[in-house]
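S.K.: Got a structure for you, written out below as structure tokens; questions coming shortly.
The values are calculated or read from the model by the stated rules, or taken from the named source; none is laboratory data. From a predicted model like this one, the values you see are computed outputs, not experimental measurements. Positions of Cβ are backbone-derived with ideal geometry, glycine not excepted, and every protein chain shown enters the neighbour counts.
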Amino acid sequence: MRNLYERLVLSVILMCTAQMLSAVEENDYASFVNPLVGSQSSFQLSAGNTYPAIAMPWGMNFWTPQTGKNGDGWQYVYTSHKIRGLKQTHQPSPWINDYGVFSVMPEVGQPVFDEEQRASWFSHMSEIVKPYYYKVYLADYDIRAEMTPTERACMVRLTFPKTDSASVVIDAFDDVSEVKVISEHNMVVGYSTKNSGGVPKNFRNYFIIKFDHPISYALDSEGNALPSATNCKRGCIVGFKTSRRGEPVIARVASSFISPAQAQLNLKELETAGNSMENIMERGRNSWNAALGRIEIGDDNIDNKRTFYSCLYRCLLFPRMLWERDSDGNVIHYSPYNGKVLPGYMYTDTGFWDTFRALFPLLNMLYPDVNMRIQEALANVYRESGFLPEWQSPGHRDCMVGNNSASVVADAWLSGVKTKDAETLWEAVVHGTAAVHPSIGSTGRRGFEYYNKLGYVPYDVNINENVARTLEYAYDDWCIYRLGKAMGKSKKALEPFKKRAMNYRNVFDPTVKMMRGRLKNGQFQSPFSPYKWGDAFTEGNSWHWTWCVFHDPNGLINLMGGRETFNRMMDSVFVVPPIFDDSYYGQVIHEIREMQVMDMGNYAHGNQPIQHMPYLYDWSGQPWKAQWHIRDIMDKLYNANPDGYCGDEDNGQTSAWFVFSALGFYPVCPGSGEYAIGTPYFKHVVLHMPEGKTVTIDAPMCSEVNRYIDAMTVNGLSWNVNYLKLSDLKKGGKIVFNMSSQPNTSRGITAEAAPYSMSALNVNK
């Protein structure tokens, strides 16, 4: 009897333990994240152009293993075999590159500073890569290297063999940067000036590295003995003695854009986090789980869950903090616009041309507290530079086109993120419509003189990508109009923006039913090829940009002559071969190649302009086609492997497309307060809304085959329209999708079923 009792007790204990472990696993959202997704990329073909960002959500400093040469934008590539260092990075994209960088690299044997000679072989089989933790075995040195960060600091643990020749290289990347070894305190201090632009003359990233082992010697980058407290250029090597195999050397690292004293203060983050590798890891895991856990996915397809949370992780990296806290706890920042240290928030490293589409709407829906700080930071950018940013890293960068800061500001306010700086931001968005930054041509509106007078940016006035600019300016004017109306601005003040919101019509050629360059005299450019990339368009062609009328799909349908023609043109995007004309660039840029190889016609999901296009069937009376294509894109173009994207991930935008689409809806028109319905990807989802409400999304029959919505309900009511409202989601509720393998061609087909459009549908052919 006793044995039976003991067996029963043991059985209960094991059952409870299993349940507890299952619960822990279920809530460990970070365990589904693969930070290596997108790292199998190259200059010629992007599978994301990402690197493993070991970081906190929106953290000021990221860390990454470095496989590329110093200064190479492809700083970690999955197909590489050697690691050159563990690098603090602020890089938003390989095309923008990095700033304020330095790296540490452990060695044994003869100390070597040269990045080529010190590089060690490694294997992905010996890597552990989590959002908050990285570990790798450096085979040439028999060293295990680990790192786990806070927002502004990082603990690095280097496990050496027994040796008298253990050393660590500190590389600050250029000869303007300086380091200093303070041997009596086992410390290295210095600063990095390395940058790729967008910084004032006094820019420095000050860093401090404090070791828990005595420094036995110090060398400069040339291998010469370096006396304590002596400044030297570029970097240094510090040596240690380890008494046994497996003895760890701990390096506590922090940095600041403000001062050496602030870097020292930032180092205290490690103490606050628990001051041990394991405690800091646990804090990091908890931080990521709290952020990722705003969305709970319940589904038996583990691969799809990994893809989803890997995408959501990317959405929560940028824009990054550029603010710090002083000794009194006050928020301060170094301004990359005027070089001063000022109070208040600052964020950086994002391009609004990409992220206005879905990344910022995601923040507004689920992370409004973060975006509130970002909006305050945008007001600071305007005060410090006279312009809102369009691409920032860390300051203004000359990249892309458009004036999409207007969308980012308007969508935040209209979504309920109402900052105290509203009037400053209103002044800023209005100012940007009739000004260009004196040295950064992509900031403000290049060509505004023509646009405001003629209603478009002409093709023949030496302003590149003129149709793209016209289309984006028109949408941005609509955003300003909507913002001003919500803020109670006068009808007179708003009328110019309302009128210019329709300027997209001025670059539509009814003879070809596509957007086309237009000359100053009013005639359309000739010759014209819808397959020509660049020229009048930005990183795309007319097949991609014709659909960029986010605020007025009905107006675009009217221009094309009705729904039938509109649908036929949309169908053609996926049917015509991947023909392209690269003459504007003089080479096949990677965005072209990514379209060509995907076997989806001229649809180019790897770049942003056309990503919303499949949802436009919701306006044209054929929502089942949206459902088919969206599921096809999710299944075909996204996965949780190193080649998991079909183009640049672009600071969370391409990831945010998947996150929204997997939920079953997407913000085609930020600023409208509505989401176009697509098709759900998971059987069960819970959204934890910011004010404590929850939204449950159930689609028990959804699958690759069952991609069509046969019927749906919202809070028990039949839902026959093709949109959801943010205001309704904020209240919480339950959405149920009844999925089918066959399209329901009678649901959502009326004009009234379509989401928001500035114009009424007046052609119903």
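Here's the yes/no breakdown for (1) in contact (Cβ under 8 Å) with a residue 60 or more places away in the chain; (2) in contact with a Ser or Thr (Cβ under 7 Å, 6 or more places away or on another chain):
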| position | (1), (2) |
| --- | --- |
| 216 | no, no |
| 219 | yes, no |
| 222 | yes, no |
| 228 | no, yes |
| 261 | no, no |
| 264 | no, no |
| 271 | no, no |
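S.K.: Before we move on, is residue 647 among the small types (Gly, Ala, Ser), closer than 18 Å to residue 743 by Cβ and either part of a loop (DSSP other than H, G, I, E, B) or in contact with a strand residue (DSSP E or B) (Cβ under 6 Å, 6 or more places away or on another chain) (or both)?
M.R.: Numbers: among the small types (Gly, Ala, Ser): yes; closer than 18 Å to residue 743 by Cβ: no; either part of a loop (DSSP other than H, G, I, E, B) or in contact with a strand residue (DSSP E or B) (Cβ under 6 Å, 6 or more places away or on another chain) (or both): yes.
So residue 647 does not fit the description; no.
S.K.: Right, another one. Condition first: within 14 Å of residue 385 (Cβ to Cβ) and charged (D, E, K, R). Now tell me which residues in the stretch 404-448 satisfy that.
M.R.: 427 - this is the single residue of the stretch 404-448 that is within 14 Å of residue 385 (Cβ to Cβ) and charged (D, E, K, R).
S.K.: Moving to a separate point now. Does any residue of the stretch 150-168 turn out to be at pLDDT below 95 and acidic (Asp, Glu)?
M.R.: Checked the stretch 150-168: at least one residue is at pLDDT below 95 and acidic (Asp, Glu).
S.K.: Something else now. Go over the candidates 312, 363, 388, 317 one by one and state the one that is under 14 Å from the mean Cα position of the chain (by Cα) and in a loop (DSSP other than H, G, I, E, B). Lay out the reasoning, then the answer.
M.R.: On the way: 312 fails: in a loop (DSSP other than H, G, I, E, B); 363 fails: in a loop (DSSP other than H, G, I, E, B); 388 fails: under 14 Å from the mean Cα position of the chain (by Cα).
Exactly one of 312, 363, 388, 317 is under 14 Å from the mean Cα position of the chain (by Cα) and in a loop (DSSP other than H, G, I, E, B), namely 317.
S.K.: Right, residue 229: at pLDDT below 95, aliphatic (A, V, I, L, M) and in the same structural domain as residue 287 (by TED's automatic domain parsing) or not?
M.R.: Details: at pLDDT below 95: yes; aliphatic (A, V, I, L, M): yes; in the same structural domain as residue 287 (by TED's automatic domain parsing): yes.
Here the answer is yes, as residue 229 does meet what is asked.
S.K.: Among (1) more than 21 Å from residue 637 (Cβ to Cβ); (2) under 30 Å from the mean Cα position of the chain (by Cα), where does residue 590 come up short?
M.R.: Single failed check for residue 590: (1).
S.K.: Something else about it: Go through (1) surrounded by fewer than 24 Cβ atoms within 10 Å (Cβ to Cβ); (2) on the phi > 0 side of the Ramachandran plot; (3) in contact (Cβ under 8 Å) with a residue 12 or more places away in the chain for residue 502 and report which single condition fails.
M.R.: Exception for residue 502: condition (2).
S.K.: Let me ask something additional. How about the stretch 320-335: which of its residues are in contact with a helix residue (DSSP H, G or I) (Cβ under 9 Å, 6 or more places away or on another chain) and in a loop (DSSP other than H, G, I, E, B)?
M.R.: Scanning the stretch 320-335 gives 322, 326, 327, 335.
S.K.: What single numbered condition from (1) buried (at least 16 other Cβ atoms within 10 Å of the Cβ); (2) among the small types (Gly, Ala, Ser); (3) over 29 Å from the mean Cα position of the chain (by Cα) fails to hold for residue 540?
M.R.: (3)
S.K.: Suppose the filter is assigned to a loop (DSSP other than H, G, I, E, B) and either under 14 Å from residue 132 (Cα atoms) or out of contact with any Cys (no Cβ under 7 Å at 6 or more places or on another chain) (or both); does residue 65 pass it?
M.R.: no
S.K.: Continuing with this model, one more query. Have a look at 618, 571 and point out the one that is buried (at least 24 other Cβ atoms within 10 Å of the Cβ) and more than 25 Å from residue 351 (Cβ to Cβ).
M.R.: Step by step, each of 618, 571 is checked, and only 618 is buried (at least 24 other Cβ atoms within 10 Å of the Cβ) and more than 25 Å from residue 351 (Cβ to Cβ).
S.K.: For the stretch 444-459, name all the residues that are among the aliphatic types (A, V, I, L, M) and farther than 27 Å from residue 382 by Cβ.
M.R.: Within the stretch 444-459, just 454 meets the criteria.
S.K.: Could you check the stretch 593-617 and list, in sequence order, the residues that are outside any helix (DSSP H, G or I) and more than 22 Å from the chain's Cα centre (by Cα)? It would help to see each step written out before you state the result.
M.R.: So the first thing to find is which residues in the stretch 593-617 are outside any helix (DSSP H, G or I), and the list is 597-607, 611-612.
Residues satisfying the conditions are 597, 598, 599, 600, 601, 602.
S.K.: A further question follows. Filtering the stretch 268-310 down to residues that are aliphatic (A, V, I, L, M) and exposed (fewer than 14 other Cβ atoms within 10 Å of the Cβ), which residue is farthest from residue 159 (Cα to Cα)?
M.R.: 302
S.K.: Limited to the stretch 231-256, what total is found for residues that are among the basic types (Lys, Arg) and farther than 19 Å from residue 143 by Cβ?
M.R.: Looking only at the stretch 231-256, we keep the residues that are among the basic types (Lys, Arg), and these are 233-234, 241, 244-245, 252.
Filter once more, so that each one left must be farther than 19 Å from residue 143 by Cβ: 233-234.
Within the stretch 231-256, residues that are among the basic types (Lys, Arg) and farther than 19 Å from residue 143 by Cβ number 2.
S.K.: Name the one entry in 157, 152, 144, 118 that is more than 30 Å from residue 395 (Cα to Cα) and touching a helix residue (DSSP H, G or I) at 6+ places or on another chain (Cβ under 6 Å).
M.R.: Being more than 30 Å from residue 395 (Cα to Cα) and touching a helix residue (DSSP H, G or I) at 6+ places or on another chain (Cβ under 6 Å) holds for just one of 157, 152, 144, 118, which is 157.
S.K.: Under 7 Å by Cβ, and 6 or more places apart or on different chains, what pairs join a residue from the stretch 60-78 that is more than 29 Å from residue 345 (Cα to Cα) and at pLDDT 95 or above with one that is outside any loop (DSSP other than H, G, I, E, B) and of a type in the set (S, T, N, Q)?
M.R.: Hits for this filter: 66/103; 76/64; 76/66.
S.K.: Do we find that residue 620 is out of contact with any strand residue (DSSP E or B) (no Cβ under 9 Å at 6 or more places or on another chain), at pLDDT 95 or above, of a type outside the set (A, V, I, L, M) and in a loop (DSSP other than H, G, I, E, B) in this structure?
M.R.: yes
S.K.: State all residues of the stretch 128-151 that are in contact (Cβ under 8 Å) with a residue 40 or more places away in the chain and either in a strand (DSSP E or B) or acidic (Asp, Glu) (or both); if no residue qualifies, say none.
M.R.: Hits for the stretch 128-151 are 129, 130, 133, 134, 136, 138, 145, 146, 147, 148, 149, 151.
S.K.: State whether one or more residues within the stretch 90-103 are at pLDDT 95 or above and assigned to a helix (DSSP H, G or I).
M.R.: No: zero hits.
S.K.: Output the qualifying pairs, or none if there are none: Cβ atoms under 7 angstrom, residues six or more apart or on different chains, first residue in the stretch 626-648 and over 21 Å from residue 668 (Cβ atoms), second residue assigned to a loop (DSSP other than H, G, I, E, B) and at pLDDT below 95.
M.R.: Note: no pairs meet the criteria.
S.K.: Further question: Do any residues in the stretch 505-529 that are farther than 23 Å from residue 571 by Cβ have Cβ atoms under 6 Å from those of residues that are of a type in the set (D, E, K, R), where the two are at least six apart or on different chains, and which pairs are they?
M.R.: As it stands, the answer is 519/460; 520/460; 524/509; 524/516; 524/518, since those pairs meet every condition given.
S.K.: For the stretch 679-688: of the residues being assigned to a loop (DSSP other than H, G, I, E, B) and touching a strand residue (DSSP E or B) at 6+ places or on another chain (Cβ under 6 Å), which is surrounded by the fewest Cβ atoms within 10 Å (Cβ to Cβ)? Walk me through how you get there before you give the answer.
M.R.: So the first thing to find is which residues in the stretch 679-688 are assigned to a loop (DSSP other than H, G, I, E, B), and the list is 679-683.
From what is left, the residues that are touching a strand residue (DSSP E or B) at 6+ places or on another chain (Cβ under 6 Å) are 680, 682.
Values: 680: 27, 682: 22.
Checking each candidate, the answer is 682.
Conditions tested, residue by residue: (1) outside any loop (DSSP other than H, G, I, E, B); (2) farther than 24 Å from residue 368 by Cα; (3) out of contact with any Lys or Arg (no Cβ under 9 Å at 6 or more places or on another chain).
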position: 695; (1), (2), (3): yes, no, no
position: 704; (1), (2), (3): no, yes, no
position: 710; (1), (2), (3): yes, yes, no
position: 713; (1), (2), (3): yes, yes, no
position: 728; (1), (2), (3): yes, no, yes
position: 735; (1), (2), (3): yes, no, yes
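S.K.: Which residue pairs have Cβ atoms closer than 9 Å, lie 6 or more positions apart in sequence or on different chains, and pair a first residue in the stretch 300-323 that is over 27 Å from residue 96 (Cβ atoms) with a second residue that is among the basic types (Lys, Arg)?
M.R.: Every condition considered, the pairs that remain are 300/683; 301/683.
S.K.: Still on this structure, I have one more. If we scan the stretch 180-196, do we find a residue that is under 25 Å from the mean Cα position of the chain (by Cα), surrounded by fewer than 20 Cβ atoms within 10 Å (Cβ to Cβ) and more than 29 Å from residue 224 (Cβ to Cβ)?
M.R.: yes
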